[in-house]
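Structure first, then comments.
Read-outs throughout are calculated quantities, based only on the coordinates presented, and are distinct from any laboratory measurement. Small disclaimer: the values here were computed from a predicted structure and weren't measured. Here the Cβ is made from the backbone with ideal geometry for all residues, glycine too, and neighbour counts use every protein chain on show.
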Amino acid sequence: MGEKSVIRKFLGKIIYRFIAFCFLYPFFKLFGRLEVKGIENIPKSGGILIASNHLSYVDPPLLATIIPGGCVFMAKDNLLKIPILRHIIGYYSFPVNRQKPGASAIKTALTKLAHGEIVVIFPEGRRGTGNALLPFKKGIGIISVLSGKKVVPTLIEGSDKLFSLNKFIPRPAKVRVTFGMPIDLSQEGTDYNKISHKIADSIRELTQLDIP
């Protein structure tokens, strides 16, 4: 990576963190009455994989705002083709073809984890609805085993009420993010679908039913 690219990436991260703390966090606290639980379950170093359910297009900035030290996302490649949007999310995401996920996205995730970064993945592959999780893709199982890194199961609740499907005007709603205890799946073998199901079960265990 050239010197200009390094500087550009560094400045991009500073700008994003400024936006996150000065605008996004106050927004989520005001409109979403944001509540965060289990933030202490995210290890401070060593490379961590965060597996979260996905309810709304605001979930990535929501998690990026509250995860200490920042994080990177596996994002749908089409998002990185949108002129303005790609310059915003390109600093904290890397692309994956949702229709034909290849080895490159997994390799990138493994590299970032090896470098000690926090990598966030939405294993459902697309936005779900309500409390029911969509079937998890096996990629989360592959990455958790090959990386040897712990997985922090994460549950987002209420973001779909804050921004309903295809709606761009927020409505006041209760938003809660719960980070579970890290789980080590590196010795679970190579049945990646089974491992993905285990991660999904860990997220289901975090479900709270007292959100109005």
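The figures follow:
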{"item": "Vicinal HN-Hα couplings computed from phi for the range 59-76 (Karplus, 6.51 cos²θ - 1.76 cosθ + 1.60; Hz; Gly/Pro x)", "result": "4, x, x, 4, 5, 4, 6, 9, 6, x, x, x, 7, 10, 10, 8, 10, 4"}
{"item": "Phi to ³J(HN,Hα) by Karplus 6.51 cos²θ - 1.76 cosθ + 1.60 over the range 20-26, Hz, x for Gly, Pro", "result": "4, 7, 8, 10, 5, 4, x"}
{"item": "5 angstrom amide H check on LEU55, placed H, neighbours 5+ away", "result": "GLY128"}
{"item": "Footprinting exposure proxy for VAL36, VAL72, VAL120 (fewest neighbouring C-beta atoms within 10 Å first)", "result": "VAL36, VAL72, VAL120"}
{"item": "Table column - 3J(HN,Hα) (Hz), the range 150-158, Karplus curve with 6.51, -1.76, 1.60, x for Gly and Pro", "result": "6, 10, 9, x, 10, 10, 9, 10, x"}
{"item": "Residue order, fewest to most beta carbons within 10 Å, for PHE122, PHE27, PHE10", "result": "PHE10, PHE27, PHE122"}
{"item": "Spread of Cα-to-Cα distances over 10 Å intervals beginning at zero, given as percent, for the range 113-212", "result": "14, 43, 29, 12, 1"}
